[in-house]
Amino acid sequence: MSKFKLSGFADEISSNVIEQFEAFNKLEINFFEPRGINGKNISELKDDEVVQLKETMEKYNIKSSSIGSPIGKIKISDDFKQHFELFKRVVKTAKMLDTRYIRMFSFYADGEEWTDEQKTEVFARLKQLIAYAKENDVVLLHENEKDIYGDTVERCLELMETLYCDNFKAVFDPANFVQCNEDTKIAFEKLEKYVEYLHIKDSRLSDGAVVPAGKGDGNIEFILRKLFAKEYSGFISLEPHLGTFEGLAALEVDDKMLKLPKGGLGTFTLARDSLLEIINKI
């Protein structure tokens, strides 16, 4: 039987970290993926704020599964030197919170299409990030986010075949692939050996709407069956996106999510229960 660990983006419940942890205690979730912390992005926290966060985590018996960082979520033409300093801050935060995992991305294009020059810059930047990750014994987890370089199956595969190592692996997000009109069964079969971490978010091909796990075209049951067959012991992290939450506008490229009603404990509970229904079926 798989001994996976359940985690989630608790900032979709509340921006207040105490309310996040109180809710996770009720939901019996012992890990979280820190992203929005008391109105700040996790990458913006100073040392004393990280220490305070760690103390609150210990009080509520919550640990960090991965840092939900925004690293790599800038245009390829944006200042990388400044962004790399932010990355170093994130790495320090990860070490202070006793997690080796850092979720990250592979940059947005400058313009409608990826040019050869921009592609070369993507790989050059990722190599610098990976080198620093190796020096600091952390693992960068690349998420297949819509509109970044690694959004399609083939480009994710290209990244992994070229850069995969102990310090650079994949987060698999079914909904993001659906929103790129990709078949998630094919995507998972191609990327399975590189997948270190799973996000649970489902979406419909018809309109791109995010829906509870199992209600869309993300083939989440298929993916979980494949993982459980290998006795997967990694993290399964809930990122429901079933309602709006503070800080969302800074995360999303389009405004579809912003038109949803406000999320909270109710939508997060629905997300958890939908996932557990699939797991119990398996």
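Please give every one of the lysines within straight-line cross-link reach of residue 127, meaning a C-alpha to C-alpha distance under 27 Å, and leave out same-chain neighbours fewer than 8 residues apart. Within reach: 46, 73, 75, 81, 88, 92, 95, 119, 146, 169, 190, 193.
In the chain, the DSSP-assigned H stretches of four residues or longer account for a calculated mean residue ellipticity at 222 nm of -12500 deg cm²/dmol, using -39500 (n - 2.57) per stretch and the full residue count as denominator. Were the residues from residue 26 through residue 280 laid out at 0.36 nm apart, the gain over their Cα-Cα distance would be 89.5 nm. For the chain, a simple Cβ point-charge model (Lys and Arg +1, Asp and Glu -1, everything else neutral) yields a dipole of about 820 debye relative to the Cα centre.
Along the charge dipole of the chain, pointing to its positive end and built from +1/-1 on Cβ of Lys, Arg, Asp and Glu, which listed residue (15, 177, 236) has its Cα farthest out? Among 15, 177, 236, the one farthest towards the positive end of the dipole of the chain is 236. Stretched out straight at 0.36 nm per residue, the stretch from residue 48 to residue 229 would grow longer than its current Cα-Cα span by 60.9 nm.
Scalar couplings 3J(HN,Hα) for the stretch 29-36, obtained by applying the Karplus form with A = 6.51, B = -1.76, C = 1.60 to θ = phi - 60°, are 10, 9, 10, 9, 10, x, 9, x Hz; x denotes Gly and Pro. The residues of the chain have, on average, 45 Å² of accessible surface per residue, using a 1.4 Å probe with all protein chains present. Which Cα, out of 97, 186, 133, lies furthest along the positive dipole direction of the stretch 71-214 (beta carbon charges, K/R +1, D/E -1)? Result: 97, furthest along the dipole toward the positive end. For residue 235, nonlocal amide neighbours, meaning residues 5 or more places apart or on other chains whose placed amide H falls under 5 Å from its own, are 5, 198.
The values are calculated or read from the model by the stated rules, or taken from the named source; none is laboratory data. Quick caveat: nothing in here was measured; it's all calculated off a predicted structure. Neighbour counts are summed over all protein chains in view; Cβ atoms, including those assigned to glycine, are modelled from backbone coordinates with ideal geometry. Note: areas computed on protein heavy atoms with side chains; ligands, DNA, RNA excluded. Shrake-Rupley method; radii C 1.70, N 1.55, O 1.52, S 1.80 Å.
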